[in-house]
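Right, one structure below, let's go through it.
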Amino acid sequence: MASEREPHELASVIAHDLINKLTVNVGHSDPLIESTERGTEYARQLTLIRDITESAAKDLIDHRRAIEAKSWVTVPSLGCDSRLGVVLP
């Protein structure tokens, strides 16, 4: 059971760390975009970098939620969710 849970946990931790780093990049690109003259190639490239980074972070959030959902199951006898590291049919 533990061996099935660990890959999910590791993937979730890695995704969480990467999401945080991507979010910092988005946050740092906003002031750069705001201080750049609109309509320039530089502004367009900064906006593209921010948009791609933001999209990647959102995709990772979705994947992380899916990974975490696979590691949560409902145990009927307990009537609650328990972290068992297995997915029941």
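Just so it is clear, none of the values below were taken in a lab; they were calculated from the coordinates. Being a predicted model, the structure only gives us computed values, none of them experimental. Here Cβ is always computed from backbone atoms with ideal geometry, including for glycine, and neighbour counts include all displayed protein chains.
Quick look at the numbers
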read-out: Taking Lys70, Lys21 and counting other C-beta atoms within 10 Å, the order from fewest to most; value: Lys21, Lys70
read-out: Charge tally in the Cβ shell below 14 Å around Ala43, where Lys, Arg are +1 and Asp, Glu are -1, Ala43 excluded; value: -2
read-out: Ranked list, fewest to most other Cβ atoms within 10 Å of each Cβ, for Leu22, Leu10, Leu32; value: Leu10, Leu32, Leu22
